[in-house]
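Encoded as structure tokens, the structure appears first; notes follow it.
The values are calculated or read from the model by the stated rules, or taken from the named source; none is laboratory data. It should be emphasised that the depicted structure is a prediction, and the values quoted were computed from it without experimental measurement. For neighbour counting, all protein chains shown are included, and Cβ atoms are generated from backbone atoms with ideal geometry for every residue, glycine included. The protein model used for the area step is the full one, side chains on, heavy atoms only, and it has no ligands, DNA or RNA in it. Shrake-Rupley method; radii C 1.70, N 1.55, O 1.52, S 1.80 Å.
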Amino acid sequence: MSENKTLTGRQIEISWPDLGITVTADLDDRNPALADVLWESLPYQSLQGHALIAGEHLYHVAPIPALLHTPHATRIPDRREAPDGTVFCSGLQHLGIKYGTLTEPMPATPVGRVREADMPALLEAGAAIWDAVYSTKKQILAEVRRAGEPGGHRIPKLAATDADAGRLIADIHAETERIWLAPPVELEDLHQGVIPSGAGNFGTVLPTLLFVNGETRPLGYAAYGGVVRAVVQDMPMDSLVHMTRLLVGVPAEFLGYCGLENLWAFTQRFLEVLDRLDRADFYAVTSQMALYINCLGGWNLQLYPWETGDHLRRQDAR
């Protein structure tokens, strides 16, 4: 950390109570705006995830709407080169921690680093979380808090002046609270083969699970994350409305057919009021939807039966 100044008084604890493991990280001055957004949102809890193709990396959805659009000051061109223990805040609404070797050459925005003395504990947590996500399906929660302060949890609720938009936000918020720390019933049903629409040819389930996972993540990350950034960056409202209609309706309808009926219902209500929303209300609804959908995406990754393909192993290039 010698090359980065630690922000005075800015230490966070990342705890996995299910594992009995806590690590402390020092926030630094590389991305002060992101560090501020994180600090002001503490404490919170979230379902802990693990990278599935990029290597030894932990991440979870953080209940921080501003992460979608807060600008960075410093970006590491290739996160593979970051020191182990580096903590990142991501525009995908993630808090991530590199704990070992990564394979994906992805730019990333660091906000701090886990203390060297806690690296053995971080490695232990990483191994246990990988096993939980890939094999056992044990649901491990992370708690992020200011060092030395009590933990806790809340889901932010944004406000809208339009009455229908306000009611929609309240309903999305209530559903997000319901599923944030417990799996959504519709996803549990889907992963148990209960699919009321009959989706899945000849009684199969795995293709439907794959398509649900493949549609949910870009809907939250790219579509809603993109329109939130666009509204903050002052894209004209008529262009925002047009882009939103192009991006969100079709995947949400498909996901509703596959079993995510709440998502489709929320989307229809959003599209009904879309044309009359001002910029502030548009930001509020899309930010609330992004958080909800990214939460669904996290549960998809937790519940998906990754071991189904365990007989397939990467081979050396020919």
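After finding the eigenvalues of the alpha carbon gyration tensor for the chain, what semi-axes result from the square roots of 5 times each, listed largest first in whole Å? Before the final figure, lay out each step's value.
Details: eigenvalues 189, 135, 64 Å².
The equivalent ellipsoid of the chain has semi-axes of 31, 26, 18 Å.
Run lengths n ≥ 4 of DSSP H only: what is the helix-derived mean residue ellipticity at 222 nm for the chain, with -39500 (n - 2.57) per run over all residues, to the nearest 500?
-13000 deg cm²/dmol
Can you tell me the equivalent ellipsoid semi-axes for segment 239-318? Use √(5λ) from the Cα gyration tensor, largest first, whole Å. Don't skip to the end; give the middle numbers.
Values: eigenvalues 233, 43, 30 Å².
Equivalent ellipsoid semi-axes, largest first: 34, 15, 12 Å.
What's the magnitude of the charge dipole for the chain around its Cα centre, counting Lys and Arg as +1 and Asp and Glu as -1 at the beta-carbon? Answer in Debye, nearest 20.
Working: 26 positive and 39 negative charges, 68 e Å.
I would put it at about 320 debye.
Where the eigenvalues come from the Cα gyration tensor of segment 99-214, what are the semi-axes √(5λ) of the equivalent ellipsoid, largest first, in whole Å? Please list the in-between numbers first.
On the way: eigenvalues 202, 139, 45 Å².
Semi-axis lengths for segment 99-214 are 32, 26, 15 Å.
I need two numbers for segment 1-95: Rg to one decimal and Dmax as a whole number, Cα atoms only, in Å.
Rg then Dmax for segment 1-95, in Å: 13.2, 36.
At most 12 other Cβ atoms within 10 Å and a DSSP loop assignment: could you name the trypsin sites (Lys or Arg not before Pro) in segment 108-163 that fit?
Within segment 108-163, the qualifying trypsin sites (Lys or Arg not before Pro) (loop, at most 12 other Cβ atoms within 10 Å) are R154.
Over the chain, average the accessible area per residue using a 1.4 Å probe and give it in Å², no decimals.
45 Å²
Between H153 and R318, what is the FRET efficiency for a Förster distance of 51 Å, r being their Cβ-Cβ separation, to the nearest 0.05?
Plugging the Cβ-Cβ distance into 1/(1 + (r/R0)^6) gives 0.55.
Ratio of alpha-carbon Rg to the 2.2 N^0.38 Å globular estimate for segment 177-318, to two decimals, please.
Cα Rg divided by the expected 2.2 N^0.38 Å: 1.18.
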